[in-house]
Amino acid sequence: MLKNKLQKYKLILASGSPRRQQFFKDLDLDFEIRLKEIEEIFPSELKAEEITNYLAELKAGAFEGELKNHEILITSDTIVWHKNKALGKPKDAQDAFEILKSLSNATHEVITSVCFKTNIDVKVIYEVTKVTFNKLSEEAILYYIENYKPFDKAGAYGIQEWIGFVGVSKIEGSYANVMGMPTDKVYEYLNGLV
């Protein structure tokens, strides 16, 4: 399949996210992980996918001048967009509580951008998924934060965890995207290269 088609390429995933790394394994792709510390700051006037596009490209820019022929660097960024505001990773338990309380009984968007960079080209794609939560009790929110510690997740939750099973009533779009990678679009893009 795609793995065979991509033999002349070397995929480099610049993500420390265990979920994104697992997606690439599950897509049956050979890849290498290369990480760089990036300060994820974006201009305040950016909205929705403009933010994730900017940050995915910013992360790729850290590797400028380092890529060899046939190397494809893949970076990505995910935010929860709710009430015209980007919700990133929570600072602490109190922040996680406030974020989840704001998502309770409401619909928000999960936006992921993926940047593909070679030594001659940069391409950014993005996906938007709508997620609706039931009304979450304070007890449920506290239980989730205490037991699952969602501090590395945009919007303070993982849809694949307990809160997703008991709290999410509706999803419109890609489920994988909510976990941090629109796998179908990534696969389609890479397939189009060969």
Query - Of the criteria (1) closer than 25 Å to LYS149 by Cβ; (2) more than 14 Å from the chain's Cα centre (by Cα); (3) outside any helix (DSSP H, G or I), which one ILE72 fails - result: (1)
Requested in this report: Could you please give the count of residues in segment 150-166 that are surrounded by 24 or more Cβ atoms within 10 Å (Cβ to Cβ) and assigned to a helix (DSSP H, G or I)?
Outcome: 4
Report task. Test ASP152 against the criterion of being in contact (Cβ under 8 Å) with a residue 24 or more places away in the chain and closer than 30 Å to GLU64 by Cα, and give yes or no. Result -> yes
**Report entry** Those residues of segment 12-66 which are surrounded by 15 or more Cβ atoms within 10 Å (Cβ to Cβ), in a strand (DSSP E or B) and β-branched (Val, Ile, Thr), in sequence order
**Finding:** ILE12
Query raised in the report: In segment 135-159, which residues are out of contact with any helix residue (DSSP H, G or I) (no Cβ under 8 Å at 6 or more places or on another chain), under 21 Å from GLN22 (Cβ atoms) and at pLDDT 95 or above?
Result: LYS149
Report summary line: Reported set for segment 173-194 where residues are assigned to a helix (DSSP H, G or I) and under 11 Å from the mean Cα position of the chain (by Cα) is ALA176, ASN177, VAL178, THR183
Report summary line: For segment 69-107, the count of residues that are small (Gly, Ala, Ser), in contact with a helix residue (DSSP H, G or I) (Cβ under 8 Å, 6 or more places away or on another chain) and surrounded by fewer than 17 Cβ atoms within 10 Å (Cβ to Cβ) equals 2
Query raised in the report: Is at least one residue of segment 163-173 polar (S, T, N, Q), closer than 24 Å to LEU2 by Cβ and at pLDDT 95 or above?
Result: no
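Results for (1) touching a residue at least 24 places away in the same chain (Cβ under 8 Å); (2) of a type in the set (Val, Ile, Thr); (3) not in a loop (DSSP other than H, G, I, E, B), shown as yes or no for each residue.
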position	(1), (2), (3)
LYS68	yes, no, no
VAL80	yes, yes, yes
PRO90	yes, no, no
GLU109	yes, no, yes
THR129	yes, yes, yes
Query raised in the report: Going by the structure shown, is GLY180 on the phi > 0 side of the Ramachandran plot, buried (at least 18 other Cβ atoms within 10 Å of the Cβ) and at pLDDT below 95?
Result: yes
**Report entry** Sole residue being closer than 20 Å to GLN21 by Cα and in contact with a helix residue (DSSP H, G or I) (Cβ under 7 Å, 6 or more places away or on another chain), chosen from VAL124, VAL131
**Finding:** VAL124
Query raised in the report: Could you give every pair whose Cβ atoms fall below 8 Å, whose first residue belongs to segment 3-19 and is free of Cβ contacts under 8 Å to residues at least 40 places away in the same chain, and whose second residue is surrounded by 12 or more Cβ atoms within 10 Å (Cβ to Cβ) and in a strand (DSSP E or B), counting only separations of at least 6 or pairs across chains?
Result: GLY16/ILE33
Report summary line: Per the filter on segment 127-142, residues surrounded by fewer than 17 Cβ atoms within 10 Å (Cβ to Cβ) and over 24 Å from ALA93 (Cβ atoms) are LYS130, THR132
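The values are calculated or read from the model by the stated rules, or taken from the named source; none is laboratory data. This is a predicted model, so every value here is computed, not measured. All Cβ positions, glycine included, derive from the backbone under ideal geometry; neighbour counts span all protein chains shown.
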